[in-house]
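The values are calculated or read from the model by the stated rules, or taken from the named source; none is laboratory data. The model shown is predicted, which means the values in this text are computed figures rather than measured ones. Note: ideal-geometry Cβ built from the backbone for every residue, glycine included; neighbour counts use all protein chains shown.
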Amino acid sequence: MGKRIMPRAALCAAIVAAVPALSACGGVKDQQADVVAGKQLFVKKCGACHTLSHAGTKGTTGPNLDEAFQQSLQEGFGETAVRGVVYKQILYPNRLPNAQGIKMPSKLVSGEDAHDVAAYVASVTAKPGKDTGRLATAVQAAGGGTAVEKDGTLSIPADPNGQLAYEDAKATATAGPVTIEMPNKSGIGHDIVIDGLGKGEVVSDGTSSFKATLEAGKTYTYYCSVPGHRQAGMQGTLTVK
């Protein structure tokens, strides 16, 4: 979908073009969708790049999806039309990379999964409030725990569901040598950094780590240095006893 928000005229044209084409091939009008699964997939596969308020995602690499469709919805385009555009963009994204040289991969999700994601995005984009019912609990919020150092290793996992967060927004450790590691089971690249102490490698489906010596009584901030991730909330506080 690129870095910039699609101009209004181009977005309107895309909406008009997408709906009949998708309907003719068994598209959005006759495809039942699971929006709960769609939310889970969106957070895991798309949330690192896109902001969508209802999903709780704050990615900045791609366009803010609440803003992208706001004007078109105000002008009368319906949910089915927006769903068609999202579905088409998932399968056939813009070919040009954004200002940071990042290009959205095609078919991050496909088949029924693509329909589920498109249906969820279309159902919540640019709408006030929060998800309710099953959607409210579809994705557990990350960052609520506290990581504790054990035997010289402090493990602070990245959220496995693709949220731009560590599982633990707080951590404690004793003074002295320690290995700080970040297991990452998601397919999104993350690292863990403490300024002045060390920096792990950016990994996906792996572990980022570094060795450091902690000072008693100090408080450190750990964060992900991948562009946009810290700004979206991927950081925490380490307290040394």
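Only one of the numbered conditions (1) without any contact (Cβ under 8 Å) to a residue 12 or more places away in the chain; (2) within 27 Å of ALA169 (Cβ to Cβ) is not met by LYS130, and that is (1). Going by the conditions given, is VAL36 touching a Gly at 6+ places or on another chain (Cβ under 6 Å), over 18 Å from PRO128 (Cα atoms), modelled with pLDDT of 90 or more and β-branched (Val, Ile, Thr)? Against the criterion (touching a Gly at 6+ places or on another chain (Cβ under 6 Å), over 18 Å from PRO128 (Cα atoms), modelled with pLDDT of 90 or more and β-branched (Val, Ile, Thr)), VAL36 does not qualify. Just to check your reading of the model, which residue among LYS170, LYS199, LYS150, LYS211 is out of contact with any strand residue (DSSP E or B) (no Cβ under 9 Å at 6 or more places or on another chain) and at pLDDT 95 or above? Only one candidate qualifies: LYS150. Within the range 167-177, the only residue that satisfies the criterion of being β-branched (Val, Ile, Thr) and either under 21 Å from the mean Cα position of the chain (by Cα) or under 16 Å from PRO157 (Cβ atoms) (or both) is THR172.
If you go through the range 50-78 and keep only what is assigned to a loop (DSSP other than H, G, I, E, B) and surrounded by fewer than 16 Cβ atoms within 10 Å (Cβ to Cβ), you end up with GLU75, GLY76, GLY78.
Taking the criterion of being part of a loop (DSSP other than H, G, I, E, B) and either among the β-branched types (Val, Ile, Thr) or out of contact with any Gly (no Cβ under 8 Å at 6 or more places or on another chain) (or both), the residues of the range 137-151 that qualify are ALA138, VAL139, GLN140, ALA142, GLU149, ASP151.
Among the residues of the range 138-159, are any in contact with a helix residue (DSSP H, G or I) (Cβ under 6 Å, 6 or more places away or on another chain) and either over 29 Å from LYS39 (Cβ atoms) or not hydroxyl-bearing (Ser, Thr, Tyr) (or both)? Looking through the range 138-159, at least one residue is in contact with a helix residue (DSSP H, G or I) (Cβ under 6 Å, 6 or more places away or on another chain) and either over 29 Å from LYS39 (Cβ atoms) or not hydroxyl-bearing (Ser, Thr, Tyr) (or both). When every residue of the range 94-113 is checked against the conditions, at least one turns out to be modelled with pLDDT of 95 or more, on the phi < 0 side of the Ramachandran plot, assigned to a helix (DSSP H, G or I) and not hydroxyl-bearing (Ser, Thr, Tyr).
For the range 157-164, state whether one or more residues are closer than 23 Å to LEU108 by Cα, in contact with a His (Cβ under 7 Å, 6 or more places away or on another chain), in a strand (DSSP E or B) and in contact (Cβ under 8 Å) with a residue 40 or more places away in the chain.
Residues of the range 157-164 closer than 23 Å to LEU108 by Cα: 158-164.
If we keep only those that are in contact with a His (Cβ under 7 Å, 6 or more places away or on another chain) as well, we get 158, 164.
Then keep just the ones that are in a strand (DSSP E or B); that gives 158.
If we keep only those that are in contact (Cβ under 8 Å) with a residue 40 or more places away in the chain as well, we get 158.
Among the residues of the range 157-164, at least one is closer than 23 Å to LEU108 by Cα, in contact with a His (Cβ under 7 Å, 6 or more places away or on another chain), in a strand (DSSP E or B) and in contact (Cβ under 8 Å) with a residue 40 or more places away in the chain, which makes the answer yes.
Looking only at residues in the range 198-226 that are surrounded by 14 or more Cβ atoms within 10 Å (Cβ to Cβ) and among the polar types (S, T, N, Q), the one that is farthest from GLU149 (Cα to Cα) is SER225.
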